[in-house]
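To start, the structure under review is shown below, and the notes come after it.
The values are calculated or read from the model by the stated rules, or taken from the named source; none is laboratory data. Quantities reported herein were computed from a predicted structural model and do not represent experimental measurements. When we count neighbours, we look across all protein chains shown, and the Cβ atoms used for this are built from the backbone with ideal geometry, even at glycine. Ligands, DNA and RNA are stripped out before the accessible areas are found, and what is left, the full protein with its side chains, is counted by its heavy atoms. Shrake-Rupley method; radii C 1.70, N 1.55, O 1.52, S 1.80 Å.
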Amino acid sequence: MKKAAELLTLLPDDLKEKINFKNPFFKSIAAEVGVLKTNNFDNFSNSNLRGTNQFNQPNPLGYGTFYSDVAFANVSISNQIGAKFKFQNIVSAVSNTSNDIFQYINRTEIFTNKNNYFQWNGIANYYLNGWNIGAGIGVYNSSYYTYIAPLPFPPNQPYSITKTVITNFSGSLSLSKKLKYVEPTIAANYSNLSESKIICAEGSLSYFPFGNLNFYGNSKVGMVKYENENHVIYSQLIGLKLAKKVWIEGYGAYGNHQNYVSENGLFVFNTPNQINWYAGTNLNFYFKKIDLSLGYGMQEREASYWTEVKTNLNTFETTTNTTNYTYNYNLLKTKIVWKF
């Protein structure tokens, strides 16, 4: 339905007048809130991360970072500046709870912290003869804590704790062309997430096979390139009209999303653990002055914890073993849009 709203701006002036189409400066204000629920920390809070070594003895240390629920909110203001130019301001805030667990033979320490994340995006679109030229900038501010554990002997030594605050940026360009039943789009993004030079490229196709909004879809392929990493992400959305004012959408994506930036910087995947896939559905209600959306989704993330393994029975020599695992988030969200 977002694509359909954009297409209305391309109608000729006489048809806009016939359907009473208007271009107010303040086009809409939207607010969205949601929560991502997980049992990641609950599953490991009482687990033995140390395990045993080849000598059938407990390992000296096990440690890892495990996450609790995530809450988020964002506000978007859309301005229509003339018939052909649209600008969006989007501000987002996220609160993420991390739990760092250190297990020694003689003690266990758990550190719980709120990690706050803030995001601002400015996205501009210019419509000309069926073309949509888009540009976006994004500012992403995040924080996290780092712990350096003491040696197990003597006991009760203090931990070294460091809080790090990072501000990253991105810039994007996109180009799309409205044809009869399809709209192809290409896009590119540059960012400095993870203190690396990251390039993202996207190609997508929106389609309206019946020439209306009773059924529509969008298929997208994205690529992320930085240092020695190359990731490919496949995304799909399908929309279907259920009633006069009700649509349902199903969506999903597969691939390593680490440091992926999409939709002119609006969607950025700089999560502490990589997202492998996600899927969900939105139930959308469209009224004259208000739109309402209710959504549910699920995503899989990949993480690790570490074990210091004793390699020599007579010395303190150890090596670090890594255990990889996956866990899920369940997403619940609601969005309301006020139209002017």
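A few points about this structure:
- Of the trypsin sites (Lys or Arg not before Pro) found in segment 241-340, those in coil by DSSP whose Cβ has at most 13 other Cβ atoms within 10 Å are LYS244, LYS245, LYS288, LYS289.
- Heavy-atom accessible area for ILE233, with the other protein chains in place and a 1.4 Å probe, reaches approximately 0 Å².
- Inverse mean reciprocal Cα-Cα distance (Kirkwood Rh) of segment 101-207, Å: 17.9
- Counting only aspartates and glutamates at least 8 places from LYS335 when in the same chain, those with an alpha carbon closer than 17 Å to its own are GLU32, GLU249, ASP291.
- LEU193, LEU266, LEU173, LEU205, reordered so the largest accessible area comes first (probe 1.4 Å): LEU173, LEU205, LEU266, LEU193
- Carbon-plus-sulfur accessible fraction, the chain (probe radius 1.4 Å, protein heavy atoms only): 61%.
- Convex hull volume per residue for segment 42-151, taking Cα atoms only, in Å³: 151
- Positive-pole candidate from LEU313, PHE102, ASN189, dipole of the chain, charges at beta carbon: ASN189
- Each of the GluC sites (Glu not before Pro) that DSSP puts in a loop and that has at most 12 other Cβ atoms within 10 Å breaks the chain; the longest unbroken stretch is 1-226.
- Convex hull volume of segment 158-250 per residue (C-alpha atoms, cubic angstrom): 174
- Accessible area expressed per residue, the chain, with surrounding protein chains retained (probe 1.4 Å, Å²): 53
- Dipole magnitude (debye, nearest 20) for segment 231-301, charges at Cβ of Lys, Arg, Asp, Glu: 420
- Cα convex hull, segment 189-340: 152 Å³ per residue, rounded to a whole number.
- Taking only the C-alpha atoms of the chain, the Rg (one decimal) and the largest Cα-Cα distance, Dmax (whole number), read 24.1, 89 Å.
- Loop-resident sites, segment 189-259, for chymotrypsin sites (Phe, Trp or Tyr not before Pro), counting at most 16 other Cβ within 10 Å (DSSP): PHE210
- Exposure of TRP131 as accessible area (Å², to 10), given a probe of 1.4 Å and all protein chains: 110
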